[in-house]
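The values are calculated or read from the model by the stated rules, or taken from the named source; none is laboratory data. These numbers come from a predicted model, not from an experiment. Reconstructed Cβ throughout: ideal geometry from the backbone, glycine too, with neighbour counts over all protein chains shown.
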């Protein structure tokens, strides 16, 4: 009954593309085109005189191939492909005309600008002289057209739905070819009578994913089904697409296409502020939680101003997420009016936005945060005092125990025999304060954090904090990160808030990686 309604064809990921004799699925590109010719195209009737004049017969056959393959190869050309000076492809025969279908028909590449044969034909090379990526692209296109034509040829009781399952089309394709294939493949299957083949791609490639909108994506999330039995939850991202605000949805799609991040294939996501965190986080992972190097983490460099736009997507996917962000303490320009708050709902009061004020030390009285993540996502607080008092539990997103924020907290600063609790407002400040003695050494001058003048009396910790605050606002952060990358890792310590966040992430992924082997796959019905 089901077979009368649905025809399904499969294209495996293991497309053994070679130029040697093989069996079964191990067909080379020329043999695939030969089989396509046998099944779908008008056959050439050998003229008796061709047996006496082999060369004339070959020329006639080649003209025939050019005519019958014209529409097929034109469709394939829309996919785009690399090659030597962007060569055209032609199908031509050689040797015995009577065996051309079975043995001698093959793909050759025309080399423009080079002298050809004495009969005026252009110079060509056989398909074995091009790469696997190009062969695979053409192979898949021909295979899909073959499936499509076989479905159309069913005259009686043709199933109304034709589905082609393509496993990992990215096999043998570099990034650009993956995108071209995904973008163009539907176009070559358009049928003037409306008999369209539907495609389902299973993939681990971000380049395939980002050629489509959210609607066709089906995200397969592995999870613990209980009693240690793996389970799979299929997320239909068309539901996310329909429920998300258009401005946020457009931002996410544009971000994915520009950055090619692999959010859909990661064990966990780590949101970071910018270039400094991107450069230094791998070092800090190695120092604080080296087991995370065995996990598939995706770093999203979005800054405090944009990370909250990912909130609904992360919640929809149920993806373990660590947000490494800055306290960003400022002096508020205006206090919220009584009309903007609700005394009966303290959470609403914490979400009230404020005008950005002047940056200030984290310990400044009445300081507030200017970070949208901390205000509107987690922990939904505006006062710096309240943020510093937040517990580990309160740094988890409400109802989402798999999303945690890490921002600067009070930590011990050691300086010239003194010890004091301090709080930085940015990564650079927090690092300088927790490595104060080391950063003020002349040997670390390249970091740009040295604020002690030569031959002056040693300032106290409070004065040092104020100087570092002013220095960090006007120094080359990328240069700081690059110089720190070449320093002795054992000589400095990771800021406490990052170390705590990384250990939390490790604890979240440890059981999941071992017991469930979390590594989501994505299916897309293009």
Filter result (in contact with a strand residue (DSSP E or B) (Cβ under 7 Å, 6 or more places away or on another chain), within 10 Å of residue 295 (Cβ to Cβ) and modelled with pLDDT under 90) within the stretch 502-518: 518
Residues (loosely packed, with under 13 Cβ neighbours inside 10 Å and in a loop (DSSP other than H, G, I, E, B)) located in the stretch 461-490: 473, 474, 476, 486, 488
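Where in the stretch 188-274 are there strands (runs of 3 or more DSSP E), lying fully within it, with 3 or more residues that are surrounded by fewer than 18 Cβ atoms within 10 Å (Cβ to Cβ)?
Working: elements: 198-203, 217-224, 230-236, 268-272.
Hits in the stretch 188-274: 198-203, 217-224, 230-236.
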Give me a count of the residues in the stretch 434-482 that are closer than 16 Å to residue 417 by Cβ and in contact with a strand residue (DSSP E or B) (Cβ under 9 Å, 6 or more places away or on another chain). 9
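Outside any helix (DSSP H, G or I), modelled with pLDDT under 95 and surrounded by 14 or more Cβ atoms within 10 Å (Cβ to Cβ): does that describe residue 322?
Values: outside any helix (DSSP H, G or I): yes; modelled with pLDDT under 95: no; surrounded by 14 or more Cβ atoms within 10 Å (Cβ to Cβ): yes.
Taking the combined requirement at face value, the residue does not satisfy it.
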Is the stretch 375-382 home to any residue that is out of contact with any strand residue (DSSP E or B) (no Cβ under 7 Å at 6 or more places or on another chain) and closer than 30 Å to residue 450 by Cα? no
From the list 451, 493, which residue is in contact with a helix residue (DSSP H, G or I) (Cβ under 8 Å, 6 or more places away or on another chain) and surrounded by 17 or more Cβ atoms within 10 Å (Cβ to Cβ)? 451
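Determine whether residue 176 is surrounded by fewer than 14 Cβ atoms within 10 Å (Cβ to Cβ) and either at pLDDT below 90 or in a strand (DSSP E or B) (or both).
Values: surrounded by fewer than 14 Cβ atoms within 10 Å (Cβ to Cβ): yes; either at pLDDT below 90 or in a strand (DSSP E or B) (or both): yes.
In short, yes.
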